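Only one structure is covered here, and it is reproduced in the block below.
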There are 2 protein chains.
Amino acid sequence: MATARDTAWEEHALEMLGEAGYRRGGARTAVVEALAHHDCAVTALELEEDLRRDEAPVGRASIYRALERLEELGLLQRFEAARGIASYERVNPSGHHHHHAICRRCGRIEPFEDRSLERAIERVSAAVPFEIAEHDVTLRGLCKSCAD
Amino acid sequence: MATARDTAWEEHALEMLGEAGYRRGGARTAVVEALAHHDCAVTALELEEDLRRDEAPVGRASIYRALERLEELGLLQRFEAARGIASYERVNPSGHHHHHAICRRCGRIEPFEDRSLERAIERVSAAVPFEIAEHDVTLRGLCKSCAD
DNA sequence: ATGACTGCAAAGCCTTTGCACGCAA
DNA sequence: TTGCGTGCAAAGGCTTTGCAGTCAT
């Protein structure tokens with residue numbers, strides 16, 4: 001579902017791409033703009049549809065390639081919402097983010113955030129023998145509609 | 001990597017399958033036994049290899065079908081360790097479990113557990129408008145070897 | 001005996017790759 | 001001008017499905 005356009009992220013992303021030596025091709029720019037409209041989990045195919053609807057169709061391969069670059073640069077986080085399907089989400093430069101509760105039956109995604117959960121994760125991340133760059137928490141079960 | 005055989009889980013799983021009305025076919029039983037040897041993330045293809053090595057080869061489709069049943073019954077938890085590849089892990093009836101730190105570069109998986117992280121997750125699970133049945137936390141970054 | 005279980009092969013599906021053309025710098 | 005970026009189509013790789021034979025009960 002599309003939300004208000006996050007131009008701050010969009011500009012930041014384009015700038016980072018430039019700094020990393022990438023050119024500003026039409027497809028890449030279009031994918032960045034499409035992502036700017038999603039606050040939460042979007043799939044590559046949903047972005048493709050968004051772009052086609054906006055009369056700015058982009059080849060599927062270019063979408064995947066753009067997502068790959070953005071993820072490498074830490075501008076996007078990838079995770080699996082539905083079985084076998086990758087979802088992407090913008091990474092806010094401020095570090096502020098949320099996690100997800102996902103319905104097993106209908107796939108509905110409910111984002112949530114919790115400071116103390118974040119603190120616990122930060123503590124654990126520091127304790128583990130890894131240089132942790134990101135984390136992801138997923139809660140799975142039934143949403144209210146599906147639980148009845 | 002294989003670890004000591006968890007016969008408690010193995011018996012529990014077979015019993016639950018029986019109670020759910022499933023027959024004790026050879027393939028299904030073999031998959032359950034193979035799973036009993038893994039404390040942490042195993043993929044369907046790794047199980048297939050284990051079984052073939054043990055001279056008890058099981059058709060790939062049967063492995064996937066067995067994993068599906070076990071997951072439905074809550075005896076197994078599925079998650080994505082490597083990109084696009086499903087990993088499975090036994091669910092201990094006691095509720096005791098761990099989470100994972102995964103290396104972006106080499107794929108190494110380091111399990112960890114943390115009581116206060118679990119508490120934070122339980123609290124959040126109760127606050128969200130879902131009937132949460134399971135959760136999963138993944139930390140991603142570079143392991144010591146890959147960070148150098 | 002009967003329907004669940006199994007294995008093989010084929011099909012599905014998301015994602016990636018090969019390649020020739022177009023475009024940013 | 002140069003080689004990165006793009007699109008199309010084909011290939012990949014994990015997972016699922018169809019179907020006929022087999023086995024548990």
Worksheet item: Can you pull out the residues in the range B:127-148 that are more than 24 Å from residue B:108 (Cβ to Cβ) and more than 7 Å from chain A (Cβ to nearest Cβ)?
Response: B:127
Practice prompt. Have a look at B:73, B:51 and point out the one that is away from DNA strand C (no atom under 11 Å from the Cβ) and not aromatic (Phe, Trp, Tyr).
Written response: B:73
Practice prompt. Test residue A:78 against the stated conditions and say whether it is in a loop (DSSP other than H, G, I, E, B), under 19 Å from residue B:85 (Cα atoms) and either of a type in the set (D, E, K, R) or within 16 Å of DNA strand C (Cβ to nearest atom) (or both).
Written response: no
Worksheet item: Is it the case that residue B:83 is touching a Leu at 6+ places or on another chain (Cβ under 7 Å) and within 14 Å of another protein chain (Cβ to nearest Cβ)?
Response: no
Response to the item:
Those residues of the range A:28-44 that are touching a residue at least 24 places away in the same chain (Cβ under 8 Å) and near DNA strand C (Cβ under 10 Å from one of its atoms) come to a total of 3
Worksheet, complete the sentence: Across (1) of a type outside the set (D, E, K, R); (2) exposed (fewer than 11 other Cβ atoms within 10 Å of the Cβ); (3) modelled with pLDDT under 95, residue B:7 clears everything bar (3)
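To keep it simple, each residue is scored yes or no on (1) under 14 Å from the mean Cα position of the chain (by Cα); (2) part of a helix (DSSP H, G or I); (3) under 30 Å from residue B:103 (Cβ atoms).
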site: B:11; (1), (2), (3): no, yes, no
site: B:16; (1), (2), (3): no, yes, no
site: B:24; (1), (2), (3): no, no, no
site: B:30; (1), (2), (3): no, yes, no
site: B:39; (1), (2), (3): yes, no, yes
site: B:45; (1), (2), (3): yes, yes, yes
site: B:65; (1), (2), (3): no, yes, no
site: B:84; (1), (2), (3): no, no, yes
site: B:88; (1), (2), (3): yes, no, yes
Fill in: Per-region count, the range B:90-126, residues in a strand (DSSP E or B), more than 8 Å from chain A (Cβ to nearest Cβ) and surrounded by fewer than 18 Cβ atoms within 10 Å (Cβ to Cβ)
2
Item to complete: Would you mind stating whether residue A:70 is farther than 23 Å from residue A:108 by Cα, touching a residue at least 24 places away in the same chain (Cβ under 8 Å), within 12 Å of DNA strand D (Cβ to nearest atom) and part of a helix (DSSP H, G or I)?
Response: yes
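The values are calculated or read from the model by the stated rules, or taken from the named source; none is laboratory data. Treat the numbers as computed from the prediction; the structure is a model and nothing was measured. Don't worry about glycine lacking a Cβ; one is built from the backbone with ideal geometry, like all the others, and counts go over all protein chains shown.
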